[in-house]
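Engineer: Mind having a look at this structure? Questions to follow.
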Amino acid sequence: MKELTKIEETVLLAIWRLENNAYGVEVRRRVEEVTGRAVNYSTLYATLEQMVRKGLINKQFGEPTAVRGGKRKVFFHPTTLGLDALKRAFERQKSLWAGINDEAFQRGRL
């Protein structure tokens, strides 16, 4: 499997951390909170659909609610493939950052 793109990694991590509350609005809020950057819904939903096609996440429809005018929320959950991809991304980053600490940044070099 290919490596995750940065947006896929960020969205997948947000979904995983949100557990059973991972629907569009909450995923967007979490991604914006962590990255400090605005994410428009078209970009988010295009990414989510791409991740479903790749088998990284599943989507599940919730029950209709009166608050949403009878519309059902769509919840997202990581698949085993998605969690494996996250683990590989984590291990890769951990390896790249090994041995780098605050002191290295203060010196401006390794």
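Engineer: Taking only C-alpha pairs under 8 Å that are 6+ residues apart, what is the relative contact order of the stretch 6-102 in percent? Write down the numbers at each step before the final one.
Structural biologist: On the way: 97 pairs, mean separation 27.7, N = 97.
Once divided by the residue count of the stretch 6-102, the mean separation gives 29 percent.
Engineer: Can you give me the convex hull volume of the Cα atoms of the chain, divided per residue and expressed in Å³?
Structural biologist: On the way: hull volume 13.9 nm³, N = 110.
Dividing the Cα hull volume of the chain by its residue count gives 126 Å³.
Engineer: If the only charges are +1 at each Lys and Arg Cβ and -1 at each Asp and Glu Cβ, what is the size of the charge dipole of the chain around the Cα centre, to the nearest 20 debye?
Structural biologist: Values: 20 positive and 13 negative charges, 49 e Å.
Magnitude of the dipole: close to 240 debye.
Engineer: Please enumerate, by chain and number, the lysines with C-alpha under 16 Å from the C-alpha of LYS87, excluding those fewer than 8 residues away in the same chain.
Structural biologist: LYS2, LYS6
Engineer: Mind checking the stretch 42-110 for trypsin sites (Lys or Arg not before Pro) that DSSP puts in a loop (not H, G, I, E or B) and that have at most 11 other Cβ atoms within 10 Å? Don't jump to the answer; show the numbers that get you there.
Structural biologist: Working: sites: ARG53, LYS54, LYS59, ARG68, LYS71, ARG72, LYS73, LYS87, ARG88, ARG92, LYS94, ARG107, ARG109; in loops: ARG68, LYS71, ARG72, LYS73, ARG109.
Passing both the DSSP loop test and the Cβ count: ARG68, LYS71, ARG109.
Engineer: To continue, here is another question. Once you list every other residue whose beta carbon is under 15 Å from the beta carbon of ASP84, what net charge do they have if Lys and Arg are +1 and Asp and Glu are -1?
Structural biologist: Details: positive: LYS2, LYS54, LYS87, ARG88, ARG92; negative: GLU3, GLU8, GLU9, GLU91.
Net local charge, ASP84 excluded: +1.
Each value in this text was obtained by applying a stated rule to the coordinates, not by laboratory testing. Please read these numbers as outputs of a predicted model, since none were measured by experiment. Please note: Cβ atoms are built from the backbone with ideal geometry, for glycine as well, and neighbour counts cover all protein chains shown.
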